[in-house]
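Contents: one structure, followed by commentary.
The values are calculated or read from the model by the stated rules, or taken from the named source; none is laboratory data. All values reported here derive from a predicted model rather than from experimental measurement. Ideal geometry is used to build each Cβ from the backbone, glycine not excepted, and the neighbour counts take in all protein chains shown. Note: areas computed on protein heavy atoms with side chains; ligands, DNA, RNA excluded. Shrake-Rupley method; radii C 1.70, N 1.55, O 1.52, S 1.80 Å.
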Amino acid sequence: KPETTPPASLPALPVFENWQEIFSGKLRVKFEALLPEYLRSQAWFFSRDKTIKLAAIRETFSVPLPDETVVVLAFVQVEFVDTNPELYALPLAFSPGGDGPARAGGIVELTAQTGGQRGVVGDAFGFPAFAKALLELIRLRERIHNGQGEIEATNMPALRQILNGGIPAEPVVCGTAEGNVTLFFGDKLALKFFRRLETGVNPELEIGRFLTERNFAHSPALLGALECAGTGCGPVTLAVAKAFIPHAQNAWEFILDSISRYYDRVFADAAQGHAPPATPGE
C-alpha cells in the first residue's frame, strides 16, 4: 500500500454561520487576499510566471446540487503588475469537517465561531455531483440568475439522442494542456469547462455550432453550451459539450503524427543505406 501524504495545512478564516460569508464584507477581502498564492500553485493557472497585484471576485452564481450542497461559481479578475488583467472561473464548494472532496483542491480552512460551519473550501471539481449538475443545466436549458447577470444553458437536438433521457455514468475529470477541465461522461460526450475566460463567444463554440448546423461529419457534433452575461463576467463562454469520439485527433495532432512517422522511416532507411522515402505528393 503506498504511503499517503497528509494534506497540506491551509490558511484559516473564521465564519459565524454559513461558509458563503467569505463572499461578502470583510471576510471577502481576506479571502481574496489568499487567492494569488492559491492561483500560482495551480497547474491550470495560465500566468504563473507573472507578478500578481491582486485577485478580486467580480461576480458569483450559486449552483445547487441534488444533495443540497451549493457550489459557488466565482468569477475572479486577476490584476498583474505589468500586463493586462485576466478573468478566471473558479467553482468553489464546501466540505464540512476537516476532510472531504474539497480538501485536495483546498484554498482555505474555515473555523467555527459561535456555531459557524467548520470545514474546507476548495475546487468544486472534486465533487462528481458538480460535473453532473453542469450537464444537467445544459440538458434542461436552464438559467441561473444572481440579480445582476445570468448563466444561460443551450443545447442542440443531438443531445437528447445521445443522453436518451438520462445523465451517463460517473464523469471522469481531466485537465487539458490549455488549463481547462474536460469532463468525460462514459463514451457518449465530453464537456469542456473553460477556466480562463475571454470576452465574447469562444471560437470552439462558434465553429462547433457552425459545423454542426451544416451536418459536417468530420468534427464532433456540438451538443450544448453554458454562457454568462453579467456585470463582472460577460459575455463569455463557460463550457461546451460535444459528442465524444474515442481515439479522435484534431488536424494539428494528425499532421504532427504524420511528420513523426515520416522521419521515423527516413532514419530507418538511412541506417540501412537506402534513399529516404518520398514525401506525400511526390
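What a 1.4 Å probe finds exposed on the chain is 54% carbon and sulfur by accessible area, rounded to a whole percent.
Between CYS174 and PHE216, what FRET efficiency comes out of the Förster formula 1/(1 + (r/R0)^6) with R0 = 30 Å and r the beta carbon distance, rounded to 0.05?
Between PHE216 and CYS174 the formula returns 0.75.
Take the alpha carbon atoms of the range 193-223, find their center, do the same for the range 58-82, and report the distance between the two centers in whole angstrom. So the separation of the two Cα centres works out to 24 Å.
Extents of the range 71-142, largest first, come to 41, 40, 22 Å (Cα atoms, principal axes, whole angstrom).
With the alpha-carbon atoms of the range 172-240 aligned to their principal axes, the span from lowest to highest coordinate is 37, 29, 18 Å, starting with the largest. Computed from the Kirkwood radius of its Cα pairs, the Stokes-Einstein diffusion coefficient for the range 133-207 at 37 °C and 0.692 mPa s stands at 236 µm²/s. Working note: Debye formula, equal point scatterers on the alpha-carbon atoms of the range 6-80, no solvent; log10 I(q)/I(0) at q = 0.20 Å⁻¹ is -1.04.
Considering only protein heavy atoms, what per residue accessible area in square angstrom results for the chain with a 1.4 angstrom probe? Working shown, then result.
Numbers: 15500 Å² over 282 residues.
With the other protein chains kept in place, the chain gives 55 Å² per residue.
When the Cα atoms of the range 21-139 are aligned to their principal axes, the ranges along those axes come out at 44, 41, 24 Å in descending order.
Run the numbers for ALA229 and GLU79: contour at 0.36 nm per residue of separation, minus the present Cα-Cα distance, in nm.
Details: separation 150, 0.36 × 150 = 54.00 nm, distance 2.10 nm.
Extending this stretch completely gives an extra 51.9 nm.
In terms of overall dimensions, the chain has a Cα radius of gyration and Dmax of 22.3, 82 angstrom. In order along the range 85-93, the phi-based Karplus estimate (6.51 cos²θ - 1.76 cosθ + 1.60, θ = phi - 60°) of 3J(HN,Hα) comes to x, 10, 10, 10, 8, 10, x, 10, 9 Hz; Gly and Pro are listed as x.
Just checking the listed ones, PHE185, PHE80, PHE125: in the Gaussian network model of the chain with Cα springs under 10 Å, the one fluctuating most is PHE80.
I'd like the GluC sites (Glu not before Pro) in the range 5-72 restricted to DSSP loop residues with at most 12 other Cβ atoms within 10 Å, sorted by number. Sites meeting the loop and neighbour criteria: GLU17, GLU68. Here the Karplus relation 6.51 cos²θ - 1.76 cosθ + 1.60, evaluated at θ = phi - 60°, turns the backbone of the range 196-211 into coupling constants of 8, 10, 10, 5, x, 6, 5, x, 5, 6, 5, 5, x, 5, 4, 5 Hz, with x for every Gly and Pro.
A P(r) calculated from all alpha carbon pairs of the range 78-193, with 5 Å bins opening at zero, reads 2, 9, 15, 17, 17, 17, 12, 7, 3, 1, 0 percent.
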